[in-house]
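Engineer: Below you'll find the structure I mean.
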Amino acid sequence: MNDTEKEVVEILQIKDFVKDGRFDDAVHTIGLYIGDANENEYLDRLENVIETLLTLHGGRTVLRFLIENLIIDIPSLLEHLSKRDPVLRFTFLLLLKTICEKECDLFLPYSENLVTSDDPNVREAALQLLIYMAGGDAIIDDESLIKTILIKLSDEKDFVVEKALQTLKAIGIKSPKFMTKILTDYAKEISEMAENERIKDLIDEILKSIVSIDKIEEIVEEEIESSEAEEKIELLDKEESEILNKEFELKKKKLEIKKKKLELEEKEKEILEKESEIGDEKEIKIPKKLKKKEEEIIDKEIELKKKDLEIKKKKLELEEREKDLEEKEILEREKALILKEELIEQEKALSQVELELKQKSIEQKEQKIKHDEMKRVEEELKKVTEKKEDNTD
Amino acid sequence: MPLKEEHILKYLNTESDTKNKSELIDLLRNTIDKLCFDDCERDRIACTLQPKCSRRHLLKLRIKSELKIDDLPKFCYSVHKGVVERFFRNKTVIYRPFDAYLYLIDFLDVFFHGDYRKLNKFISFNKLEDAFKIFDDRIHNRNEKFEYLKTDNYLIFKFEDRIHVLYLNEKYVLCNANRESITSLELLNGICQLYAEIYFPEVKLAFIPSKHVEISLKVPYDILTKISREPLQDNDSKMDQYFWNTFWEDLNALTQYCDQISLHEDKNQNLEIILHVSLLTNNYTEEGDKLKLRHRDLRLIFNFATRIYTEYYILWI
């Protein structure tokens, strides 16, 4: 059997496995088939596999297994496909569409590197895969990745620019607010240079495609909410810093406890070692029943330790809760103190007003007394003068 | 009522003001150019998987109009060539590239890859004998399976059941000829000769210039005497089945594509069936014009001839 006949047999075997639903066997055979190839044969064999899978019901599942098991490595696959005709390349990308939509985790980690590849065909293919991913269940919100795609709007190849544009539109449909922010920030960054006019136009195009009247309302509402939220966040930050200080103190205490535990464990080990030494000597004499009992005891000990650990966990949880409660109490006390201070101040103010009022009333009384005395003195003087006149008469 | 295709065609035929006509055609041309060079090629993946014109027929428009490669949407053409190549190598394709036009050099690159530069030179400079040496070498020494035939203006290739017609003067090739009409009697005669050499070598072919090609088939007397004289019985042979049931249906079908079919007994009492095949069929357009004969129609005629020859002629000679 020559090499080509052997290959045909292997491909037929793969086809049979896929048709019979024996996907693991198919994956294994494909792994061997590709693995056996030398550098020259690799691309042809890869193409044969892809060709075979393209036409088979279940081929997509096998492909997913191949990617999951790293038999087909996505970056190197795209690089190899770049050397093939566009029909195969793009048909294969189409084959990956459903997997991209449903399991974007398989591809997303490679995306940023592939988008910045030296090969424009790879860049284009990576962007197409991102379009498929954006069309699926996942929301792409990796700022670094989106910025990398944004940079591709100024790629030297027009077809890469077009794909980048489509990718950003596709991502933006699901998260318009996030995308609008990144795009506007980027537009501000590049606004100073005149040669970036085209990129600005492209950004404008993306924004127009992702922002509708409904979405604008949403974005505005979210912005108002976010400003309110920012204020709240400031307050929370203060509280957080206080809590963090307390946490820090607690951690210190925990570390001390751990140190003590370690010391205790070391001591336990030493004791166990001594026991085992003694045990070894005794082992020969100890019957099997005793050994079983010992094992049971050890199991029970382990269980007890587990329970201890659980209890400790619960204790820690309780402590945490208590701390939370204490913090709340402290906050309440602080609030109460503030209220008291305010009351005291108000009382002081009231007492001052009272004093002032009292002083005024005293002054008024004094004036009255003075007035009365004046009247009395005048009357007495009148009486004295009348008496004198009577006497003179 | 909205504007329809026939309104535009009628307007183009009847409008006397050439300025109006050219304005309309300009509109059409600009739309086509925008579609090809801007809308479709802008996204290469869409251009590859879902071209904006069905089966890239706008490429055909440009190639048949003898435009050069620089006047074509290049990526679209490269995909088109790739599809022809993949189909030739029996690989998966998005659509089967029937009636695909390629430039001579690209056709040679796809079908005769190792020798395509030499072949292009020989064919371009009309040194066809040198080109035939390469073809023969490939057939006899390199185990390649194809047949070819040269006429004055065409070089016809047959790879398996697919026909490719090289237009020697225009330097382009019709690949996987199917629904395209046969453009001349010379080409019709060439294709008939090529098929006759392969499938029914003893059948008489006659070329009546500027009229038609005659294909004369014979059913020997021995065969005729073995056919049951009565309508079908339960134990009738395959031959009876054919001549009582299918034969007249075949002839009836062929009347659509043949100018004339004549049946008569020759001097040895053999049944002689003469098919007169011209460039026009007996089918009509909505306007009442005769439809042109297509490559796929010709294949039906050849299937009939091959059946009569292999099943009822060659065995009895």
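The values are calculated or read from the model by the stated rules, or taken from the named source; none is laboratory data. In this text the structure is predicted, and so the values were computed from the model without any measurement. Using ideal geometry, Cβ is built from the backbone for each residue, glycine included, and neighbour counts are taken over all protein chains shown.
Engineer: Has the stretch B:167-174 got at least one residue that is more than 14 Å from chain A (Cβ to nearest Cβ), within 30 Å of B:Leu49 (Cβ to Cβ), in a helix (DSSP H, G or I) and β-branched (Val, Ile, Thr)?
Structural biologist: There is no residue in the stretch B:167-174 that is more than 14 Å from chain A (Cβ to nearest Cβ), within 30 Å of B:Leu49 (Cβ to Cβ), in a helix (DSSP H, G or I) and β-branched (Val, Ile, Thr).
Engineer: Can you tell me how many residues in the stretch B:70-85 are assigned to a helix (DSSP H, G or I) and in contact with an Asp or Glu (Cβ under 7 Å, 6 or more places away or on another chain)?
Structural biologist: Initial filter on the stretch B:70-85 (assigned to a helix (DSSP H, G or I)): B:70-71, B:74-85.
Then drop every residue that is not in contact with an Asp or Glu (Cβ under 7 Å, 6 or more places away or on another chain), which leaves B:75-76, B:81-82.
Total satisfying the criteria: 4.
Engineer: Here's something else I'd like to know. When you go through A:Glu363, A:Glu334 one by one, which is the residue that is part of a helix (DSSP H, G or I), among the acidic types (Asp, Glu), within 37 Å of the chain's Cα centre (by Cα) and surrounded by 10 or more Cβ atoms within 10 Å (Cβ to Cβ)?
Structural biologist: Values: A:Glu363 fails: within 37 Å of the chain's Cα centre (by Cα).
Result: A:Glu334 is the single residue among A:Glu363, A:Glu334 that is part of a helix (DSSP H, G or I), among the acidic types (Asp, Glu), within 37 Å of the chain's Cα centre (by Cα) and surrounded by 10 or more Cβ atoms within 10 Å (Cβ to Cβ).
Engineer: For the stretch B:265-283, does any single residue satisfy the condition of being more than 17 Å from B:Leu188 (Cα to Cα), modelled with pLDDT under 90 and within 21 Å of the chain's Cα centre (by Cα)?
Structural biologist: Looking for residues that are more than 17 Å from B:Leu188 (Cα to Cα), modelled with pLDDT under 90 and within 21 Å of the chain's Cα centre (by Cα), one finds at least one in the stretch B:265-283, hence yes.
Engineer: Moving on to the next point. Scanning for something free of Cβ contacts under 8 Å to residues at least 24 places away in the same chain and under 21 Å from A:Glu124 (Cβ atoms), does the stretch B:1-9 turn up at least one residue? Walk me through it before giving the result.
Structural biologist: Residues of the stretch B:1-9 free of Cβ contacts under 8 Å to residues at least 24 places away in the same chain: B:1-9.
From the residues that got through so far, the ones that are under 21 Å from A:Glu124 (Cβ atoms) too are none.
Checking the stretch B:1-9: not a single residue is free of Cβ contacts under 8 Å to residues at least 24 places away in the same chain and under 21 Å from A:Glu124 (Cβ atoms).
Engineer: Still on this model: Of (1) touching a helix residue (DSSP H, G or I) at 6+ places or on another chain (Cβ under 6 Å); (2) under 19 Å from A:Lys97 (Cβ atoms); (3) surrounded by fewer than 18 Cβ atoms within 10 Å (Cβ to Cβ), A:Asp25 satisfies all except one. Which?
Structural biologist: (2)
Engineer: Quick check: anything in the stretch B:111-131 in contact (Cβ under 8 Å) with a residue 40 or more places away in the chain and under 19 Å from the mean Cα position of the chain (by Cα)?
Structural biologist: There is at least one residue in the stretch B:111-131 that is in contact (Cβ under 8 Å) with a residue 40 or more places away in the chain and under 19 Å from the mean Cα position of the chain (by Cα).
Engineer: Tell me, yes or no, whether the stretch A:99-108 has at least one residue that is away from every other protein chain (no Cβ under 14 Å), touching a residue at least 12 places away in the same chain (Cβ under 8 Å) and among the aromatic types (Phe, Trp, Tyr).
Structural biologist: Yes, because at least one residue in the stretch A:99-108 is away from every other protein chain (no Cβ under 14 Å), touching a residue at least 12 places away in the same chain (Cβ under 8 Å) and among the aromatic types (Phe, Trp, Tyr).
Engineer: Please specify each residue of the stretch B:53-102 satisfying the condition of being among the β-branched types (Val, Ile, Thr), buried (at least 20 other Cβ atoms within 10 Å of the Cβ) and more than 14 Å from A:Val87 (Cβ to Cβ). Don't jump to the end; show me each part of the working.
Structural biologist: Looking only at the stretch B:53-102, we keep the residues that are among the β-branched types (Val, Ile, Thr), and these are B:63, B:69, B:79, B:83-84, B:92-94.
If we keep only those that are buried (at least 20 other Cβ atoms within 10 Å of the Cβ) too, we end up with B:63, B:79, B:83-84.
Correct list: B:Ile63 only.
Engineer: Give the number of residues within the stretch B:91-117 that are assigned to a loop (DSSP other than H, G, I, E, B), farther than 25 Å from B:Ser181 by Cα and within 14 Å of chain A (Cβ to nearest Cβ). If you could, list the steps in order and put the result at the bottom.
Structural biologist: Kept after step one, since they are assigned to a loop (DSSP other than H, G, I, E, B), are these residues of the stretch B:91-117: B:91-99, B:112.
Filter once more, so that each one left must be farther than 25 Å from B:Ser181 by Cα: B:91-92, B:112.
From the residues that got through so far, the ones that are within 14 Å of chain A (Cβ to nearest Cβ) too are B:91-92.
Looking only at that region, the number is 2.
Engineer: Select from the stretch B:1-21 the residues that are surrounded by 11 or more Cβ atoms within 10 Å (Cβ to Cβ) and farther than 24 Å from B:Leu59 by Cβ and list them in ascending order.
Structural biologist: B:His7, B:Lys10, B:Tyr11, B:Glu15, B:Asn20, B:Lys21
Engineer: Determine whether the stretch A:131-146 contains at least one residue that is closer than 19 Å to A:Pro75 by Cβ, surrounded by 18 or more Cβ atoms within 10 Å (Cβ to Cβ) and within 14 Å of chain B (Cβ to nearest Cβ).
Structural biologist: Within the stretch A:131-146, the first condition is being closer than 19 Å to A:Pro75 by Cβ, and the residues that meet it are A:131-133, A:140, A:142, A:144-145.
Those left that are additionally surrounded by 18 or more Cβ atoms within 10 Å (Cβ to Cβ): A:131-133, A:140.
So of that shortlist, the ones also within 14 Å of chain B (Cβ to nearest Cβ) come out as A:131-132.
Within the stretch A:131-146, one or more residues are closer than 19 Å to A:Pro75 by Cβ, surrounded by 18 or more Cβ atoms within 10 Å (Cβ to Cβ) and within 14 Å of chain B (Cβ to nearest Cβ).
Engineer: Tell me which of these A:Ser111 doesn't satisfy, since it passes every other one: (1) within 14 Å of chain B (Cβ to nearest Cβ); (2) in contact (Cβ under 8 Å) with a residue 24 or more places away in the chain; (3) touching an Asp or Glu at 6+ places or on another chain (Cβ under 9 Å); (4) not hydrophobic (A, V, I, L, M, F, W, C).
Structural biologist: Only one criterion is unmet by A:Ser111, namely (1).
Engineer: Okay, next question. Can you name every residue in the stretch B:30-65 that is within 14 Å of chain A (Cβ to nearest Cβ) and of a type in the set (D, E, K, R)?
Structural biologist: Let us first name the residues in the stretch B:30-65 that are within 14 Å of chain A (Cβ to nearest Cβ), namely B:37-51, B:55-56.
If the condition is that a residue be within 14 Å of chain A (Cβ to nearest Cβ) and of a type in the set (D, E, K, R), then B:Asp38, B:Asp39, B:Glu41, B:Arg42, B:Asp43, B:Arg44, B:Arg55, B:Arg56 are the ones that fit.
Engineer: Among the numbered criteria (1) closer than 19 Å to A:Glu239 by Cα; (2) within 33 Å of the chain's Cα centre (by Cα), which single criterion is violated by A:Ile311?
Structural biologist: (1)
Engineer: Quick one: which of B:Arg162, B:Arg138 is surrounded by 14 or more Cβ atoms within 10 Å (Cβ to Cβ), over 28 Å from B:Glu66 (Cα atoms), modelled with pLDDT of 90 or more and out of contact with any strand residue (DSSP E or B) (no Cβ under 7 Å at 6 or more places or on another chain)? If you could, list the steps in order and put the result at the bottom.
Structural biologist: Numbers: B:Arg162 fails: over 28 Å from B:Glu66 (Cα atoms).
Among B:Arg162, B:Arg138, only B:Arg138 is surrounded by 14 or more Cβ atoms within 10 Å (Cβ to Cβ), over 28 Å from B:Glu66 (Cα atoms), modelled with pLDDT of 90 or more and out of contact with any strand residue (DSSP E or B) (no Cβ under 7 Å at 6 or more places or on another chain).
Engineer: Let me ask another. Quick check, is A:Leu54 within 14 Å of chain B (Cβ to nearest Cβ), closer than 27 Å to A:His28 by Cα, crowded, with 16+ Cβ neighbours inside 10 Å and of a type outside the set (Ser, Thr, Tyr)? First the steps, then the outcome.
Structural biologist: Working: within 14 Å of chain B (Cβ to nearest Cβ): yes; closer than 27 Å to A:His28 by Cα: yes; crowded, with 16+ Cβ neighbours inside 10 Å: yes; of a type outside the set (Ser, Thr, Tyr): yes.
Answer is yes for this residue.
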